[in-house]
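Here's the structure we're looking at; comments come further down.
The values are calculated or read from the model by the stated rules, or taken from the named source; none is laboratory data. Note that the coordinates shown come from a computational prediction; the quantities given were computed from them, not determined experimentally. In this analysis, Cβ positions are derived from the backbone assuming ideal geometry, glycine residues included, and neighbour counts consider all displayed protein chains.
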Amino acid sequence: MITKLFLPLLLLSFSVGAAQGSAKKKVILFVGAHPDDETAISEVLHKYARLGNKVFVIIATDGKDGTRVTTIPAGDSLGRLRRAESACGCKTLGTEPPVFLGIERLDTKIGTGKYFKEHQRFLDSLKVRIPSINPDIIITAGPDGDTHHSEHIVVGAAVTELLLAEGWVEKYPLYHFAWKKGMESVDPGGYIDERYVNVKISFTPEDEQKAIEALHCYVTQYTAEELQQEAANKLKDVSNTIYFRKFVVKKGLQNDF
């Protein structure tokens, strides 16, 4: 999906400790807007599941309006199929079965008033689900929403909002996946300055192959040609690295800017 650049950065890594057999296994939570959003970082999700960590995927909506490459009309039938696609992808990646929150949409296509209600319902659902999963790490899209998709942006912002509101920033460390300028991606505008990238995760060819295999679960969202191109892009990128930015808040009160 993405061709990454090698740059001489001093980077951190997820403190999951899964590489050593004696290390404590961690709980990792990915939060996305739609079934298939997890494909943005499939290699990383598979890596940590493969190493024995428990990996959860929360999906806000069922994607029933995602008619991009399918003749199936928008509605509940498409939503059921997309949920099944995400379950297939997660099974391939070795994660826990996806958790669907049943939010209708997270944009104003449903009307401003209804959007506000669905947004609040999403926050309320996360407020219950996150403590019940009790993750050591949360991953979601950053301000760019991965592809500037409005619902991706809302989901990432809502997760960040909730951690700030509930005082959970340190309790549930949050990481935004981050594309650096010059990477080959679906949306070339979705990047951050490399100085703010502080985590890199390397993965193996096995993880890459599982990511390619998982892509084939999402037949309503990719044409055969697109799947072939996605696989070619992944294999062409020999860096086998995905970057992240840890969300950090400076605490303490000062009297002026």
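Within the range 130-163, the set of residues being out of contact with any His (no Cβ under 9 Å at 6 or more places or on another chain), more than 11 Å from residue 29 (Cα to Cα) and acidic (Asp, Glu) comprises just one member, 161. Please determine whether any residue of the range 107-124 is over 27 Å from residue 241 (Cβ atoms), at pLDDT 95 or above, touching a strand residue (DSSP E or B) at 6+ places or on another chain (Cβ under 7 Å) and surrounded by 14 or more Cβ atoms within 10 Å (Cβ to Cβ). No, every residue in the range 107-124 fails to be over 27 Å from residue 241 (Cβ atoms), at pLDDT 95 or above, touching a strand residue (DSSP E or B) at 6+ places or on another chain (Cβ under 7 Å) and surrounded by 14 or more Cβ atoms within 10 Å (Cβ to Cβ). Of the residues in the range 104-126, none is under 17 Å from residue 177 (Cβ atoms) and not aliphatic (A, V, I, L, M). Quick one: is residue 74 touching a Pro at 6+ places or on another chain (Cβ under 9 Å), within 27 Å of residue 230 (Cα to Cα), surrounded by fewer than 22 Cβ atoms within 10 Å (Cβ to Cβ) and hydrophobic (A, V, I, L, M, F, W, C)? In short, no.
Scanning the range 120-148 for residues that are hydrophobic (A, V, I, L, M, F, W, C) and touching a residue at least 60 places away in the same chain (Cβ under 8 Å) returns 122, 126, 130, 133, 137, 138, 139, 141.
Would the range 170-191 turn up any residue that is surrounded by fewer than 16 Cβ atoms within 10 Å (Cβ to Cβ), in contact (Cβ under 8 Å) with a residue 60 or more places away in the chain, among the hydroxyl-bearing types (Ser, Thr, Tyr) and in a loop (DSSP other than H, G, I, E, B)?
Applying the first criterion (surrounded by fewer than 16 Cβ atoms within 10 Å (Cβ to Cβ)) to the range 170-191 yields 170-171, 181-182, 184, 186-189.
Keeping just the survivors that are in contact (Cβ under 8 Å) with a residue 60 or more places away in the chain gives 182, 184, 186.
Within this subset, residues satisfying the condition of being among the hydroxyl-bearing types (Ser, Thr, Tyr) are none.
Within the range 170-191, none of the residues are surrounded by fewer than 16 Cβ atoms within 10 Å (Cβ to Cβ), in contact (Cβ under 8 Å) with a residue 60 or more places away in the chain, among the hydroxyl-bearing types (Ser, Thr, Tyr) and in a loop (DSSP other than H, G, I, E, B).
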